[in-house]
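Q: For reference, the structure I am asking about is given below.
The values are calculated or read from the model by the stated rules, or taken from the named source; none is laboratory data. Remember, it's a predicted structure, so these values are computed and weren't measured experimentally. Quick reminder, even Gly has a Cβ in these numbers, built from the backbone with ideal geometry, and neighbours come from all protein chains shown. In case anyone asks, the SASA skips ligands and DNA or RNA and just uses the protein heavy atoms, side chains included. Shrake-Rupley method; radii C 1.70, N 1.55, O 1.52, S 1.80 Å.
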Amino acid sequence: MEGAHTVVLEQDVLAKNDHLAGHNRSRLAELGVFAVNLMSSPGAGKTTLLEQTVHALGASVPLAVVEGDQETLLDADRIKASGAPVVQINTGAGCHLDATMLSRALDTLAPARGSVLFVENVGNLVCPALFDLGEAARVVIMSVTEGPGKPLKYPHMFASTDLVLLNKIDLLPYVGFSVPEFLHDLRHVNPDARVVEISATRGDGLDEWYGWLRQRPGRG
């Protein structure tokens, strides 16, 4: 019976989260805020990508950032230095952000009407995929340094995403990573996800990423 109780508890937690996520989604839609849930493994390049995006688009598009980490203000300080308003959420032992956390962050951050809101989730490929925040779109950043098979090993994360940014392609000559193999695995779990190959440090593919943001392709 213990297993059954565990399943019911998990379903209850997710149902409550989804209910609040719906409120977040309505709140953001009323303001015309395009919220993007950024998810990845630690070190895949989320914060570097955000810094580049703020520098490139900040003068023409209102941007705001919610930073999620277990501890420290390191990433929030980087985003603040790049020129975007930011709120840091430290989850302690928690491995993901949830809709309640985002709701509280929105109260503090108060993103401008018509802005793009980036939510940099806690770095891992498991828990963040399970929790709807009320975002309009999901983006997974995958680094070529992470090795093969990630879509097959973490299918829920890759099945739930709208866009995959394949980052650090400048390192392809130095790592054993096959882009065709990755795309084959991704299509197995998500035939519809768009893929953009980028280097957040060198600039490859970033114009296509910025174009995607300007299109604001919501989840419906």
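Q: Restricting to the range 1-121, what percent of DSSP beta bridges are antiparallel, rounded to 5?
A: In the range 1-121, DSSP labels about 0 percent of beta bridges as antiparallel.
Q: Select from Pro151, Pro85, Pro191 the residue whose mean-square fluctuation is largest in a Gaussian network model of the chain (Cα-Cα springs shorter than 10 Å).
A: Pro191
Q: Which of Val196, Met39, Phe131 sits farthest toward the positive end of the charge dipole of the chain, with +1 on the Cβ of Lys and Arg and -1 on the Cβ of Asp and Glu?
A: After comparing all options, I get Val196.
Q: Something else about it: Considering only protein heavy atoms, with the full assembly of protein chains and a 1.4 angstrom probe, order Glu208, Glu67 by accessible area, largest first.
A: Glu208, Glu67
Q: Suppose the chain between Asp107 and Arg194 were pulled fully straight at 0.36 nm per residue; how much longer would it get relative to their current alpha carbon spacing?
A: Extending this stretch completely gives an extra 28.1 nm.
Q: Let me ask something additional. With a cut-off of 8 Å between alpha carbons and a minimum separation of six or more residues, what is the relative contact order of the range 84-185 in percent?
A: Relative contact order of the range 84-185: 25 percent.
Q: Would you work out if the range 130-220 is rounded, prolate or oblate? Take a ≥ b ≥ c from the square roots of the eigenvalues of the alpha-carbon gyration tensor; rounded if a/c is under 1.5, else prolate when a/b is larger than b/c, oblate otherwise. Walk me through the numbers on the way to the answer.
A: On the way: a/c = 2.10, a/b = 1.20, b/c = 1.74.
Taking the square roots of the gyration eigenvalues as a ≥ b ≥ c, the range 130-220 is oblate.
Q: Evaluate the charge dipole of the chain about its Cα centre and quote only its size in Debye, nearest 20, assuming +1 on the Cβ of each Lys and Arg and -1 on the Cβ of each Asp and Glu.
A: In total the dipole reaches around 460 debye.
Q: Here is a follow-up. If each residue of separation counts as 0.36 nm, what is the full-extension length gain between Glu181 and His23 once their alpha-carbon separation is subtracted? List each step's numbers first, then the result.
A: On the way: separation 158, 0.36 × 158 = 56.88 nm, distance 3.92 nm.
Roughly 53.0 nm would be gained on extension.
Q: Separation between the Thr72 and Arg202 pseudo-spin-labels, each 7 Å from Cα along Cα→Cβ, expressed in nm?
A: Taking the two extended label points, one gets 2.7 nm.
Q: Per-residue accessible area for Lys80 at 1.4 Å probe radius, Å² rounded to 10?
A: Lys80 exposes around 150 Å² with every protein chain in place.
Q: Name the helices (complete DSSP H segments) of the chain with a Cα length along the long axis of 24 Å or more and a Kyte-Doolittle mean of at least -0.5, or state none.
A: Membrane-span-like by this criterion, though nothing is claimed about a membrane: 2-31.
Q: Follow-up question, since we're still on this one. So what is the calculated 222 nm ellipticity per residue for the chain, using -39500 (n - 2.57) for each DSSP H run with n of 4 or more, over all residues, to the nearest 500 deg cm²/dmol?
A: -13000 deg cm²/dmol
Q: Can you give the log10 of the normalised intensity I(q)/I(0) at q = 0.16 Å⁻¹, computed with Debye over equal Cα scatterers of the chain?
A: Each listed q corresponds, in turn, to -1.12.
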